[in-house]
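Derivation of every value follows stated rules applied to the coordinates shown; laboratory data play no part. Please read these numbers as outputs of a predicted model, since none were measured by experiment. Please note: Cβ atoms are built from the backbone with ideal geometry, for glycine as well, and neighbour counts cover all protein chains shown.
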């Protein structure tokens, strides 16, 4: 109980401190949304960046050094997602691990040696027990998010259009938080939110099965959860394109996040 009060006091102190000039320079150099945010959101965004940077435990992996620049860039994207929401979600992410480049991870398994003995091909796993390279992961239960720095959009990192690993992994965290609220939401035409979402996902799957290119990365057809997270990336990275080419999905995400980033583009 007393730990909660201390955390609140620290948070209030951070919010009255001026936003560091060095951090402001990082935003203006690396994060394109900096010049697009409307004034009423810009101050709120910087406040949340301050809290996220200071309240989160940061850890570099494979000798990667997590500098203030790294923290500010990651925090800037993470907090864009909650500009239209209450800030309670900030307490759901406590630990951020940053890899310099894509990493490999072992398959989920039963055996302590990393082998799933429930399958008949367990001997093959001894020779082939690594997944493809990972770009990030979100462990909701532990409050841990794992990111690959080379995949985070910056002035130095050219990433595929509409893709942003920070937005993707944080969307996994938020999807769990949204679930109950979205069950009661409806579209402008009165359709339940999840029914409209399922229809959008099915269109993505059909397009993928037929080899048709869409606005979203093909990974969006992997599962409803991945569809949501890939769409979230596009929602904030290419809002003008999404609102034009996927208007229904864009409107669904506006309901989720409480923001309309397509209106920021013209600023």
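Things worth noting here:
- Per-residue Cβ neighbour counts within 10 Å put 137, 151 in the sequence 137, 151, beginning with the fewest.
- Among 76, 208, sorting on how many other beta-carbon atoms sit within 10 Å of each Cβ, with the fewest leading, yields 208, 76.
- Taking 7 Å steps out from each Cα toward its Cβ at residue 28 and residue 202 produces label points 5.1 nm apart.
- Cα-based equivalent ellipsoid, the range 139-267: semi-axes from gyration tensor eigenvalues, Å: 22, 18, 16
- A Förster distance of 22 Å, applied to the separation of the beta-carbon atoms of residue 140 and residue 186, puts the FRET efficiency at 0.25.
- 47, 95 arranged by Cβ crowding within 10 Å, fewest neighbours leading: 95, 47
- Once the Cα gyration tensor of the range 60-99 is diagonalised, semi-axes √(5λ) in Å: 23, 11, 6
- Relative packing of peptides 227-234, 141-148, 211-218 - highest average C-beta neighbours within 10 Å first: 227-234, 141-148, 211-218
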